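A.B. asks: One structure, as structure tokens, below. Some questions next.
The values are calculated or read from the model by the stated rules, or taken from the named source; none is laboratory data. Please read these numbers as outputs of a predicted model, since none were measured by experiment. FYI the Cβ positions are ideal-geometry reconstructions off the backbone, even for glycines, and counts take in every protein chain you see. Accessible surface areas use protein heavy atoms only, side chains included; no ligands, DNA or RNA. Shrake-Rupley method; radii C 1.70, N 1.55, O 1.52, S 1.80 Å.
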Amino acid sequence: MRIDYALDLLEKDATIRKFSIDAIAKEVGFKNAETFSKAFFKETELNPSFYIKQLEKKG
């Protein structure tokens with residue numbers, strides 16, 4: 001559920017894409033970036049940083 005929220009937030013808010021992975025993790029309710037990254041990868045099969053880069057390329 002938190003990963004879905006993170007995906008939605010990253011998709012809609014270009015400002016949050018500029019945050020560190022740790023800051024994004026805390027924003028969506030994770031205690032640290034490592035736990036967030038593992039959960040993100042499990043859900044999307046992409047690392048958060050790669051996903052953000054792909055979103056930035058799309059514009």
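A.B. asks: Based on the Cα gyration tensor of the chain, what are the three equivalent ellipsoid semi-axes, each the root of five times an eigenvalue, rounded to whole Å and given largest first?
C.D. replies: For the chain, the semi-axes come out at 16, 12, 10 Å.
A.B. asks: What does the helix-only formula give at 222 nm for the chain: each DSSP H stretch with n ≥ 4 adding -39500 (n - 2.57), the total divided by the residues, and the result rounded to the nearest 500 deg cm²/dmol?
C.D. replies: Computed ellipticity for the chain at 222 nm equals -20500 deg cm²/dmol.
A.B. asks: Nearest 20 debye, what's the magnitude of the dipole of the chain about its Cα centre given +1 on Lys and Arg Cβ and -1 on Asp and Glu Cβ?
C.D. replies: With Lys and Arg at +1 and Asp and Glu at -1, about 140 debye.
A.B. asks: Holding the Cα-Cα limit at 19 Å, pick out from 12/53; 18/42; 31/58; 31/53; 26/57; 12/58 the pairs that are longer than that.
C.D. replies: Flagged as over cut-off: 18/42; 31/58; 31/53; 26/57.
A.B. asks: Now for a different question. Whole number in Å², please: accessible area per residue of the chain, 1.4 Å probe, ligands, DNA and RNA not counted.
C.D. replies: Per residue, the chain has an accessible area of 70 Å².
A.B. asks: Please report the relative contact order for the chain, taking Cα pairs under 8 Å with a sequence separation of at least 6, and give it as a percent rounded to a whole number.
C.D. replies: Normalised by residue count, the contact order of the chain is 29 percent.
A.B. asks: How many percent of the accessible area of the chain is carbon or sulfur, using a 1.4 Å probe?
C.D. replies: Of the solvent-accessible surface of the chain, carbon and sulfur hold 53 percent.
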